[in-house]
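Laboratory data are not the source of any read-out in this text; all were calculated from the coordinates shown. Predicted model, so just to flag it, every value in this text is computed and none were measured. Every residue, glycine as well, gets a Cβ built from its backbone with ideal geometry; the counts of neighbours run over all protein chains shown.
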Amino acid sequence: MANYKRVLLKLSGESLMGGKDFGISPKMLVHYASEIRRAIDQGIEVAVVIGGGNIFRGLEAKDSGIERVQGDYMGMLATVINGLALQSALEAEGIYTRLMTALGMDKVAEPYIRRRAIRHLEKGRVVIFAAGTGNPYFTTDSAAALRASEINADVILKGTRVDGIYTADPELDPKAKKFDNISFSEIIRSGLSIMDMTAFTMCQENAMPIVVFDINEPNNLIRILKGEAIGTLVTNDSE
């Protein structure tokens, strides 16, 4: 068994689209809920940060004539919609959950309070963190790095549609080679992009390991938690 007791799972909003061009795929919701349930059944404490790119991305706001800060807040609200959808799917699996938001909206979610979030995790509830950090100019990657550090998570599990970190984009370069393990400093030297630099630096400074893996492959999440070498592990040089 891997030495993970508490994990933060980072999911992109785009991952919820499945084969659609936008929106939420019910099939993907069921898939993610069943993957998370396997982790809960193993006694792992699970927190989730989910993006909103399947609905709206703040960075796209300028193309719509929407001011950047306003667009970022729209993107935060999109993550709340995704959080509510994931919460519903998890509860359909019989999992107790709490949706916590960085923006006040007490009719649908709890406000984010660190001590309360940790207590929920200790009670076996899946905690979904929505609305990013509550501030414009910060991505959900940054929110994942921040929340993982705040709740003392053992690792960030970054679920993507590729099976790890490569020397180049494997969807564009068939000769790209996959890393099984890589250090933060090596990623910086190589110019590889796995998170925005704010999030990445926060993980590096707090010695927060990251596992980048294919979340769409059934059982990958539980295989990582059982100690299998799935995806790419990113750590500090000395680890």
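Brief remarks follow.
Residues checked against (1) more than 14 Å from the chain's Cα centre (by Cα); (2) of a type outside the set (A, V, I, L, M); (3) under 15 Å from V127 (Cα atoms):
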site	(1), (2), (3)
N3	yes, yes, no
S12	no, yes, no
G18	yes, yes, no
I50	no, no, yes
L77	yes, no, no
S88	yes, yes, yes
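- Yes/no for M195 being over 22 Å from A33 (Cβ atoms), touching a residue at least 60 places away in the same chain (Cβ under 8 Å), of a type outside the set (G, A, S) and buried (at least 22 other Cβ atoms within 10 Å of the Cβ): no
- Filtered residues of the stretch 218-239 (kept if over 16 Å from the mean Cα position of the chain (by Cα) and outside any strand (DSSP E or B)): P218, N219, R223, K226, G227, E228, A229, I230, N236, D237, S238, E239
- Among the numbered conditions (1) within 25 Å of E150 (Cα to Cα); (2) in a loop (DSSP other than H, G, I, E, B), the only one that P170 does not meet is (1).
- Among the residues of the stretch 198-229, just one is over 17 Å from A148 (Cα atoms), surrounded by fewer than 13 Cβ atoms within 10 Å (Cβ to Cβ) and of a type in the set (D, E), namely E228.
- Only listed residue being loosely packed, with under 15 Cβ neighbours inside 10 Å, farther than 18 Å from L99 by Cβ and of a type in the set (G, A, S), chosen from G23, G18: G23
- Residues of the stretch 193-203 include at least one that is over 30 Å from G104 (Cα atoms), over 13 Å from the mean Cα position of the chain (by Cα), of a type in the set (S, T, Y) and outside any strand (DSSP E or B).
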